[in-house]
Amino acid sequence: MHYIIVAIFAGSLLSAFGYRRYSKAVFAGLVLTLLGIIGYLFQWLPDILQGERVVSTISWIPSLGIHFSFLLDGLSLFFALLITVFGLLILSYSHRYMAKSAERPAFIGYLLFFMGAMVGLVLSANLISLFLFWELTSFSSFLLIGFHHHNEAARRAARQSLLVTAGGGLALMAGFILLSIGTGGGYDIVQLLAQPKAMIDSPYLHAAILLIAIGAFTKSAQFPFHFWLPNAMAAPTPVSAFLHSATMVKAGVYLIFRLHPLFEGVLLWEYLLGITGAVTMTWGAFKAFRQDDIKRILAYTTISALGIFFMMTGVGGQEAINAVMVYVLAHALYKGALFLAAGNIDQQTGTRNISDLSDLARKMPYTAGAVILSTASMAGVIPFLGFVGKESLYHALYHHSQDMALLYLGLLFLAGAFFTAVTLEIILHAFLKKGTLRADPIKEAPFLMVLAPLLLAVLGLLTGLMPGLTVEPLLKWAAASLYPADPPTMQLKLWHGFNLVLLLSALTLVAGVVLYLWRKGIQRLRQPYWLKADYLYNQCLSATESLARFSTDTLQNGLLRNYIAIILLTFSVLLVFPLVEGRAAYAIPSDFLLRDLQIYEVVVLIFVTFAVIFLFKTRSRLVVTATFGIIGYSIALAYTVFSAPDVAITQFLAETLTLILLIIILHRLPSYTLKKPIARIKYLTVSLLFGAAMAVTAFVMLHQSKDSDLERFFLENSVSQGKGQNAVNVILVDFRALDTLGEITVLMITMIGIIGLLTLKPFSPKR
Amino acid sequence: MSPTDIPLIVLPLWILLAAFVFCTLFWKYVKVQAGIAITAVSLYLVAAVTLLLAVDQQGILVVQVGDWPAPFGITLVADLFAAIMLVISAIVAFAVLLYSFQDIPDALRQKGFYPVLLVMMFGVSGSFLTGDIFNLYVWFEVMLVASFVLMVLGNTKGQLEGAVKYVIISFIASGFLLTGTAILYKLTGTLNMADLAQAIARHPNQELITVASVFFLVGFGIKAALFPFFFWLPASYPTPPTTIVAVMAGLLTKVGVYALIRYYTLLFTYDLSATHSVLLIIAGFTMFFGVLGAIAQQDMKKILSFHIVSQIGYMVMGLAFFTPLAIAGAIFYIVHHILVKTNLFLISGIVQKTQGHNLLRQLGGVYDRYPFLTFLFVLSAFSLAGIPPLSGFWGKFILAKAGLEVQQYFLVAVSLLTGLLTLFSMTKIWKAVFWSSAPEAEQATAGSAVPLRRYYLLMAASVFLALCTLFLSLYPDLFIDLSNRAAEQLMDPQQYIQAVLPNK
């Protein structure tokens, strides 16, 4: 089964590199490959229709329990067929649609890459490999939406969709991890589904549901994350048809279906999906009616349809799921056809705005035929599949026992009415109205570009006429995958006789006509700009950027002294806690200062004290450096006092080198800026705090005594083993010679650096 | 320990030191130096890989330098973590050296670019291998001075300004490290890490050990560029030549992280609430403020510099969770980050070469003109942002899983949000540099776009790292497994102590 995905990805690569030169051959090869894949999938159909499941696994990351594992059952077969059959049609459409574009190879490549990811997603039987393909679809759709990358709107839309879906993806990942922790198992979907009750008892149940739902909502453009989808219409039309009607946006729906058995009956799951779906459905349908751009209309009706799927899944029950499966197929057929037709219109007329279009029925008769057939299905006119789907939805909701079902039914009725009104508007205005377009030499689109939408539209009619014979078996088992314990129950008929549901269907159409007649009133309604999700998204982005600038300007203000102050302050605060905590461990004797004080020590102390006071007075960098020198040499003096002449010599040497280095650099830096008095107080406070913390620490540590085995060893062995009288020397050159090697290297490098600084002229980097 | 193992640990150090000496002997002959350097780094890579294989098979390897028994002499120790770090730094050194052949101007080479680079790697390797806290301080000094010299080699004003900030803040860090080392010596009477681990466990006043730990936290924190000690990094990284920035950005901060992990798994484990909870807070802030810094920038290299800060936060987060899985995640993340980050700097350098500068507002059209370069960038950038199946995703995934397992929900949420913001800032580069049209001034010369073929060595270096990233992405199991074992070794200090002090 994995060969399917490998084949599609290979096709993607092949077309990216070979399409330019051998477009015909590669195209034919791709079509054959896809046909082969579809054939392969169909070959499993008899088994699946017996209720079987096929699993195949390739080991990938056993240490994390992540595998490429694939599951073929009714649900995944249904979606895989949907994707590949649509993919084939879209491929042939794009071959013609992009014929004049120099970037066709990349386009076809991205498209196939996306298809591979999508097929991988629906076939995955491992949560993490599913997630991997999930993110790949986000990423490839980013490339596809931004395909016209010279256009700022396209770039913006691409980034928006990526951020929204990838953000949801992160939530989804956390949700999956919680799911696996909660059930105590791995990521194997088959195993998870085999014990659906394991998750119900887990404390992570609600967090997991919420996170997974957020992932699905962002991907499937549910309110309030829906805004990226209409903006994504900046993509080339085949992309919209493929990603935004038939496949990618249904990934969230697929995920919800797939995991439904785990969560069914949990109130949060039911209400979260139900209410979000209902709101999205209503809002999307309403917004669709207010658009002028055909593609945006289609985008909003898609959002609305996705809302229906979520709502029905939230309602739950086998009948609702049966209904929603039918509607998934119906929606894919009519929406795919409509998007492709919109592409034809766009390419042949140069506009997608209904107000600019007229008389298309005469100019583009085949496209018009496809549009009329598929919008009729969208409106739910008998005898299209859309009608069958809508009937089943009404029926399921009407007979459902959940307390929200009737409310949902009312909203669904409203959404249906809006769909009808939209249908009327498109057909009457763009296709039948007489207008200026008549005079323009507008021709029908080329054969391949008419074939695909017409085929889909006719399929919508045929399957609507004979649902029981054509689509019922597969849909039945697709729905039954969600209820593995129960036998499948779906029975599809076009005509159920005269009953309440039929009346409701008819009333929907009537209400749609009423809404259409009332359109001026509805389209006049204004939505405050600050309530638009897109506006809020922009606000979020700019707020993030402002916060970023503010925090960075505050922290990273370019002043070294400020950086040092923050470091020292943090250090002192961190140090105070353990010092206070551990105060029982040490006692401070009262006479510590004057005990055994020597005159040399006093001299050194005076040197250092004066130097420090002087430091605060001076404003010249050079003098500061020189004063530092004084302090350094005084400390070296202190070493000689404590009878460590070799250390003192090292200190003298280091101090001298540092001075030279600093002075070389300093005169190349800008002159010293004067500090305000308040700043001086700030830095003085930090310095005092730091000094105090260090002093206390040093003092406490001085009074800790511990016999060291090391000292004894060094003293005992320096003569016998190290052959030296001076233990310090032996330590330096023998016991710890590696340290000395390092320090010699440091000196050497410092020398190289100084030579470099002294002799190299500043150069300007060449282009 | 059999006698044949001895050179194995010392070998990487020895190769670099010898190469350094030979380079200084051929001071005037830059081409000879280049030959010595590439030979040495290749050998270094081979030695590191051999060491890793040996450690993997035989367990922790130990050398007592000068044959003075531990804890009296200096001990070099190679456990899996150290060996992994050594291999990855060798890989980076190799790529960067390749890149430098076409990137570093002759003037700089004549001033000792190769020997100093070799010494820096010497310091890095020593830091990984040492088992002695004072000796670690010495290696840090070697590294610091070498990196400082590399940084100022160009001698431009911007470079000096950045380098001064770097060197002064680093000296403060060195001061803390040295004081901390002195305090630990005073409290326990030993410098050997294994011995120290035992002495700390026996010490009556743990609070005083915590006092010492603060010195190391801040000292290594500065080196690793943790919040709020990271200022030197964005200030000093964007200015020097790309080669130098790439190796520093890739490696140096991670040596700080390495030391933190070493100390906080071996030494400061007696009271997790006193030590690791501070790390937890710092990790969260580091991630968040680092990525905010990246969002605020308009220069490609500056954005990349701030990302380093943010991702150091991830690594420290793994350490702070303190479970074997979390530490493994941190190790995986370090390795992934070194590869990807170095490569991103290399790529930004190539973009700079073709366009002359790095300001987002004035760049564009790379996507149209250099599709292959774009591909290399996509691979690294989206790996950094954690898009599966690229390597960054596995690191992020393991850390998120480890965090959720120990119920650190808030920090995991922060880390995921940081991931999203990283993606946000990456798409900013992507939009401006790759997708947008070339600026008008550029378009005039678009016909004469520089062919990438001319920069074949730059590209070769970048492709080499990209291949490593791809391998890590598509076959992560090999390395996750290795990280897991390394983490188990780290979480069981007895193994380390036994190897160093077999008689105790």
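The values are calculated or read from the model by the stated rules, or taken from the named source; none is laboratory data. The shown structure was predicted, so the numbers you read here are calculated from the model rather than taken from an experiment. Neighbour counts are summed over all protein chains in view; Cβ atoms, including those assigned to glycine, are modelled from backbone coordinates with ideal geometry.
Could you tell me whether segment A:736-758 includes any residue that is closer than 21 Å to B:Leu117 by Cβ and of a type in the set (D, E, K, R)? Yes.
Please verify whether segment A:110-124 includes one or more residues that are more than 14 Å from chain B (Cβ to nearest Cβ), within 14 Å of A:Thr237 (Cα to Cα), surrounded by fewer than 24 Cβ atoms within 10 Å (Cβ to Cβ) and at pLDDT below 90. Within segment A:110-124 (the criterion being more than 14 Å from chain B (Cβ to nearest Cβ), within 14 Å of A:Thr237 (Cα to Cα), surrounded by fewer than 24 Cβ atoms within 10 Å (Cβ to Cβ) and at pLDDT below 90), the answer is no, since none of the residues qualifies. Quickly run through segment A:130-151 and pick out the residues that are farther than 20 Å from A:Leu91 by Cα, more than 8 Å from chain B (Cβ to nearest Cβ) and modelled with pLDDT under 90. Within segment A:130-151, A:Asn151 is the sole residue that qualifies.
Of note, B:Thr210 satisfies the criterion of being over 21 Å from the mean Cα position of the chain (by Cα), assigned to a helix (DSSP H, G or I), crowded, with 23+ Cβ neighbours inside 10 Å and within 8 Å of another protein chain (Cβ to nearest Cβ). Within the set A:Ala396, A:Ala370, A:Ala361, the sole residue that is under 23 Å from A:Gly314 (Cα atoms) and either in the same structural domain as A:Phe498 (by TED's automatic domain parsing) or not charged (D, E, K, R) (or both) turns out to be A:Ala396. For segment A:167-188, taking the residues that are facing another protein chain (nearest Cβ under 8 Å) and buried (at least 24 other Cβ atoms within 10 Å of the Cβ), the one that is nearest to A:Pro224 (Cα to Cα) is identified as A:Leu170. Residues in segment B:355-377: is at least one part of a helix (DSSP H, G or I), free of Cβ contacts under 8 Å to residues at least 60 places away in the same chain and either crowded, with 21+ Cβ neighbours inside 10 Å or of a type in the set (Lys, Arg) (or both)? Yes.
Taking the listed residues A:Val249, A:Val279, A:Val266, the one that is within 30 Å of A:Arg104 (Cβ to Cβ) and of a type outside the set (Gly, Ala, Ser) is A:Val249, with no other qualifying.
So that you can scan it fast, the table gives a plain yes or no per residue for (1) within 14 Å of another protein chain (Cβ to nearest Cβ); (2) at negative phi; (3) under 25 Å from the mean Cα position of the chain (by Cα); (4) buried (at least 17 other Cβ atoms within 10 Å of the Cβ):
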site	(1), (2), (3), (4)
B:Ser42	no, yes, yes, no
B:Val46	no, yes, yes, no
B:Ile60	no, yes, yes, yes
B:Asp79	no, yes, yes, yes
B:Leu86	no, yes, yes, yes
B:Asp103	yes, yes, yes, yes
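I'm trying to understand the selection: among the residues of segment A:554-568, which are more than 11 Å from B:Val218 (Cβ to Cβ), more than 7 Å from chain B (Cβ to nearest Cβ) and over 34 Å from the mean Cα position of the chain (by Cα)? Those that are more than 11 Å from B:Val218 (Cβ to Cβ), more than 7 Å from chain B (Cβ to nearest Cβ) and over 34 Å from the mean Cα position of the chain (by Cα): A:Leu559, A:Arg561, A:Asn562, A:Ala565. With respect to being in contact with a Pro (Cβ under 7 Å, 6 or more places away or on another chain), at pLDDT 85 or above and not in a loop (DSSP other than H, G, I, E, B), A:Phe217 falls outside the description. Would it be correct to say that A:Leu411 is more than 30 Å from A:Lys100 (Cβ to Cβ) and surrounded by fewer than 17 Cβ atoms within 10 Å (Cβ to Cβ)? The answer is no for A:Leu411. Between A:Val381, A:Val450, the distinction of being surrounded by fewer than 23 Cβ atoms within 10 Å (Cβ to Cβ), outside any helix (DSSP H, G or I) and in contact (Cβ under 8 Å) with a residue 40 or more places away in the chain belongs to A:Val381 only. Would you confirm whether any residue within segment A:204-211 is in a helix (DSSP H, G or I) and under 30 Å from A:Gln348 (Cβ atoms)? Looking through segment A:204-211, none of the residues is in a helix (DSSP H, G or I) and under 30 Å from A:Gln348 (Cβ atoms). Could you list, in sequence order, all residues of segment B:160-202 that are within 9 Å of chain A (Cβ to nearest Cβ) and within 23 Å of A:Phe713 (Cα to Cα)? Within segment B:160-202, B:Ala182, B:Ile183, B:Tyr185, B:Lys186, B:Leu187, B:Thr188, B:Gly189, B:Thr190, B:Leu191, B:Asn192, B:Asp195, B:Ala199 meet the criteria. Among helices (runs of 4 or more DSSP H) entirely within segment A:88-203, having at least 3 residues that are touching an Asp or Glu at 6+ places or on another chain (Cβ under 9 Å) singles out A:152-183. Only residues in segment B:491-504 that are polar (S, T, N, Q) count as the first member; pair them with residues that are surrounded by fewer than 18 Cβ atoms within 10 Å (Cβ to Cβ) and not in a loop (DSSP other than H, G, I, E, B), Cβ under 9 angstrom, at least 6 apart or cross-chain, and list the lot. What qualifies is B:Gln495/B:Glu488.
Quick one: would you say B:Ile334 is touching a residue at least 40 places away in the same chain (Cβ under 8 Å), of a type in the set (A, V, I, L, M), under 22 Å from B:Ile222 (Cβ atoms) and within 14 Å of chain A (Cβ to nearest Cβ)? So B:Ile334 does not fit the description; no. Only one entry in B:Leu458, B:Leu417, B:Leu423, B:Leu399 is more than 11 Å from chain A (Cβ to nearest Cβ) and either assigned to a helix (DSSP H, G or I) or modelled with pLDDT of 90 or more (or both), namely B:Leu458. Which ones in segment A:720-742 are in a helix (DSSP H, G or I), under 20 Å from A:Pro645 (Cβ atoms) and more than 60 Å from the chain's Cα centre (by Cα)? Result: A:Ala727, A:Val728, A:Asn729, A:Val730.
Every listed requirement among (1) surrounded by fewer than 24 Cβ atoms within 10 Å (Cβ to Cβ); (2) modelled with pLDDT under 85 is met by B:Ser236 save one, (1).
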